[in-house]
1. Need the full-extension length gain, A:Thr234 to A:Asp206, defined as separation in residues times 0.36 nm minus the C-alpha distance. One decimal, nm.
2. What's the average, rounded to a whole number, of partner chain beta-carbon atoms within 10 Å of each residue's beta-carbon in B:168-174?
3. When ranked by the protection proxy of mean other Cβ atoms within 10 Å per residue, highest first, what sequence do the peptides B:173-180, B:86-93, B:156-163, A:122-129 form?
4. Given points 7 Å out from each Cα along the Cα-Cβ axis, report the B:Glu170 to A:Ala35 separation in nanometres with one decimal.
5. Across the residues of B:143-154, average count of Cβ atoms on other protein chains within 10 Å?
6. Please work out the ratio of the alpha-carbon Rg of region A:164-321 to 2.2 N^0.38 Å and round it to two decimals.
7. Pairs A:Lys184/A:Lys235; A:Lys184/A:Lys273; A:Lys273/A:Lys296; B:Lys152/B:Lys173: which exceed 21 Å Cα-Cα?
8. Search the structure for amide H atoms under 5 Å from the amide H of A:Val251, placed 1.01 Å from N in the peptide plane, and list their residues when 5 or more places away or on another chain.
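Coordinate-derived values only; no laboratory data. Just so we're clear, the structure is a prediction, and the values are computed from it rather than from any experiment. We place every Cβ from the backbone using ideal geometry, glycine too, and count neighbours over all the protein chains shown.
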Amino acid sequence: MSQLQRKDANNIEACAAAWLERRVSEDWNAEDARALEAWLAQSWAHRTAYLRLEAAWTRADRLSALRRPVSERDKGRGVALKPALKIAAIAVAAIAMSAGAALLFLPPGETNYATAVGAHKTINLADGSRIELNTDTVLRIAQSGSRRTVWLDRGEAFFQVRHDASRPFVVATGARRITDLGTKFVVRRDHDQLQVAVVEGRVRLDTGERGHPHSALLTQGDVAIAKTNTMSVTKKSPMKLANELGWRRGVLVFDHTTLAAAAQEFNRYNREKLFVADTATGRLAIYGTFPTGDVKAFTRVAQQVLGLHVETLGSESVISR
Amino acid sequence: MVEILEPNREGVGVLRPRPDMNARDVDDWFVREVLPLEAALMQFLNHNWRNKSEIADLRQDIYERVCEAAQEQLPHNTKPFVFTTARNLLIDRVREKRFVLLDTVAKLEALDIASNEPGAERVVIAREELQRLQAALDCLPRQCRKTVVMAKIDGLSRREIAVRMGVSEETVKMHLANGMRALADALYSVPANPERSA
């Protein structure tokens, strides 16, 4: 087969690994992100090679989640380790011994937390701060005497921070940093996009794109959206913010929301997925409060109130006129 | 094109491309449903293809084909879809070779995909996963392993690792990239790819 200009899987995988290494290493900027996107878009061979390495690298995160004393792991409430992983603690001890000295000087670790699609979890930190994880969210917390750091790897979380100037509370998403200045705020991460909304108090948002560092002070009602190389800040009313935080009460609040945006919101919380057939339908505005898990209630409204057609096939529903 | 095995449940040929389907949906599907089949797929390829040095390329081509097809429509049932694609690809490759052993094609065509499926998908429990990771780490050359551990477990940056190990950042880069590949093999394609043990 080699005479038929087959693309060499070994080379492609090497390229994919080089990209991933750069992605996870510290010096990564907007230009790099675009270049990676371009490389991935070239062929499915590139894309699958990269996805495969990335998925494995992410799965290997479990190693770090497990590697801390049992006492510390079980202390915090709502610790995200599944029971099955606890069994594996024994295996970990074995690894620590066999993998050599390198594994022995482990740092005082991070604690990993995760929620499944549709789940909601509250973490109470020892200092009185609270973190609420929304659906499909992954974050890590590291606390030391001098600082508290939360890495939001995916999803959305609400932070109610017990401010302590001597022990800054920082939320990191990629190269971006949100530093608490006495506050309640919510952070949402979608791939490269970051949204920070301040419910009370103030935060500082630093976007560390190389060459374009940018720092913004956000106050109550500010909603900042940072994309790959742009950032915008708008003001929202307390009512609007409260609506956006409906998930904390287990509901989605739509107020003149487009059907397309509403469907997308539902899809974050459910395995059953909604699709809107065309853009005209997607632009219809809707109002109402729905339980996050009740897709049926939503499709019923679409049918009965908006007179739309809903076709369900397995776990997918298509909404059309 | 590959055949999509499962007929549309709605019956009469309503082959509707899904709205809003984009590369990200396929990405998710690939990671969630195709990658876990990799070990079985590798077994299938090793069993049905003599030249082991070509297996990595075959796997890549299969992934490419299934994703291209999935972009049109995600298959209802991923496993038979992937294995049918694999079989069809092998048949194509045999035919390309010109000096075909007709026998081989016939054999491949007669392959009953269903019977080649391993039983229930193995649920990789945490302990097993850790053992796999351990095995992957153990296989790495010492410096490479140390680098992966520092990056993955200690959360050190490339520069910090370079300083601690007294090597260049380029070296760290190389070790990490190799480590990533080894981890992927250990987690997805056990039994590991034989030609890439170096």
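1. Numbers: separation 28, 0.36 × 28 = 10.08 nm, distance 1.66 nm.
Residue separation times 0.36 nm, minus the Cα-Cα distance, leaves 8.4 nm.
2. For peptide B:168-174, the averaged partner shielding equals 2.
3. Working: B:173-180: 22.9, B:86-93: 19.9, B:156-163: 17.6, A:122-129: 14.8.
Top to bottom by mean Cβ count within 10 Å: B:173-180, B:86-93, B:156-163, A:122-129.
4. Result for the modelled spin labels: 1.6 nm.
5. Details: counts 1, 0, 4, 5, 1, 4, 11, 2, 4, 7, 13, 8.
Partner Cβ neighbours, averaged per residue: 5.
6. Values: Rg = 18.2 Å, N = 158, 2.2 N^0.38 = 15.1 Å.
Here the answer is 1.21, to two decimals.
7. Values: A:Lys184/A:Lys235 16 Å; A:Lys184/A:Lys273 31 Å; A:Lys273/A:Lys296 11 Å; B:Lys152/B:Lys173 13 Å.
Exceeds cut-off: A:Lys184/A:Lys273.
8. Hits under the 5 Å cutoff: A:Thr292.
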